[in-house]
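The values are calculated or read from the model by the stated rules, or taken from the named source; none is laboratory data. Predicted model, so just to flag it, every value in this text is computed and none were measured. Here the Cβ is made from the backbone with ideal geometry for all residues, glycine too, and neighbour counts use every protein chain on show. Side chains are part of the model used for accessible areas, which takes the heavy atoms of the whole protein and leaves out ligands, DNA and RNA. Shrake-Rupley method; radii C 1.70, N 1.55, O 1.52, S 1.80 Å.
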Amino acid sequence: MNLVHEIREIARKKNAIILAHNYQRPEIQDVADYRGDSLELARIAADTKAEIIVFCGVHFMAESAAMLSPEKKVILPNPSAGCPMANMADASDVCKLKQQHPNAAVVTYINSTAAVKAVSDICCTSANAVKIVSAIDAEKIIFVPDKNLGNYVSRFVEKEIILWEGFCPTHEHLTARELTDARRKYPDAVVMVHPECTAEVIDIADEVRSTGGMIKFVKETSATQIIIGTEKEMIYRLKKEAPHIEYILPSNALVCPNMKKINLHNLYDALLKEETVITVDPDTRKRGVYCLEKMLELSR
Ligand code: 13P
Ligand code: SF4
């Protein structure tokens, strides 16, 4: 059986769209209708006319799609594909912090649970975090859950930012030493990293961008070598967009195991059986979707 052909056929018959995050396996990126970063995929999920959204990514992405399009069936082909950073913040702890800082606005990274979004003021992604924090009408911000992204944002805004102690285990692996070594080896290369990296890594970088921002950069740059500080599969995507550039991965630890949990077999099964459907209880959705919609509106 040709799995790619079967997947495309079932998707067509069922009026389903397949979305793939830029960190997905190459074969999943290839079979998908759309590839993108968290913001681009959330936007597509909110606007699609399809009846079924198959989300090839991690749980919070499918959950956000389910919140934005409650009338659609949102499927995560492997329900165990979670994001460890999203699980580092818990709604009741966020509420306790809010009580300690009653004038602060809670800006929550989309890499979070629906329950945390439901107690927040607005969401952001790595593509629009600076814009959102600047735009929100508050001088004090509680930034949840990524301390690295929050710290990166604090470089651009004159606001007090209270950081949650969460982080992405994959990006946290990349050290300043590894990046400096790569730079020594490739002195002409541009260093481009994701804002989930540590402050020491960001200090060395020439470009700090979301995965969607990285694609934009490679299409426009005259650079011929780029050191990539993000999940390894990003290079597959970048090569498709700008194949003339040499991409260098500075560390073998840049792998998100959860993003690798979807393959052609479980994608095929998921489409066929329409499992696993991701849902959010109506009350949580009602409070959380406001934060997602406000983000989409402010980042237009
Ligand atoms: P973006 O693709 O939005 O930059 O996010 C990266 C990420 O870690 C998703 O989990
Ligand atoms: Fe979560 Fe990091 Fe994996 Fe993104 S790369 S899904 S933030 S663990």
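A few notes on this one:
- Counted as qualifying within segment 135-241 are the strands (runs of 3 or more DSSP E) with 1 or more residues that are within 13 Å of ligand 2 (Cβ to nearest atom), crowded, with 23+ Cβ neighbours inside 10 Å and of a type outside the set (Val, Ile, Thr), namely 225-229.
- Any hit, segment 117-131, residues being of a type outside the set (Val, Ile, Thr), more than 13 Å from ligand 2 (Cβ to nearest atom) and free of Cβ contacts under 8 Å to residues at least 60 places away in the same chain: no
- Residues that are in contact with a strand residue (DSSP E or B) (Cβ under 6 Å, 6 or more places away or on another chain), within 16 Å of ligand 2 (Cβ to nearest atom) and open to solvent by less than 10 Å² (accessible area, probe 1.4 Å) within segment 59-87 comprise Ala62, Ala65, Leu76, Met85, listed in sequence order.
- Top-ranked residue of segment 186-210 - restricted to ones that are within 20 Å of Phe143 (Cα to Cα) and not aliphatic (A, V, I, L, M), ranked as nearest to ligand 1 (Cβ to nearest atom): Ser210
- Checking each residue in segment 88-131 for being crowded, with 24+ Cβ neighbours inside 10 Å and touching a Cys at 6+ places or on another chain (Cβ under 7 Å) picks out Val107, Thr108, Tyr109, Ile110, Asn111, Lys117, Ser120, Cys123.
- Residue within segment 88-106 that is within 30 Å of Thr221 (Cα to Cα), of a type in the set (D, E, K, R), in contact (Cβ under 8 Å) with a residue 12 or more places away in the chain and more than 16 Å from ligand 2 (Cβ to nearest atom) present: no
- Here Asn266 clears all of (1) part of a helix (DSSP H, G or I); (2) within 16 Å of ligand 2 (Cβ to nearest atom); (3) in contact (Cβ under 8 Å) with a residue 40 or more places away in the chain; (4) open to solvent by less than 50 Å² (accessible area, probe 1.4 Å) except the condition numbered (2).
- Flag if Ile17 is in contact (Cβ under 8 Å) with a residue 40 or more places away in the chain, over 24 Å from Thr284 (Cβ atoms) and buried (at least 16 other Cβ atoms within 10 Å of the Cβ): no
- Failed item, numbered, when Gly288 is tested on (1) open to solvent by less than 20 Å² (accessible area, probe 1.4 Å); (2) away from ligand 2 (no atom under 16 Å from the Cβ); (3) closer than 22 Å to Asp181 by Cα: (3)
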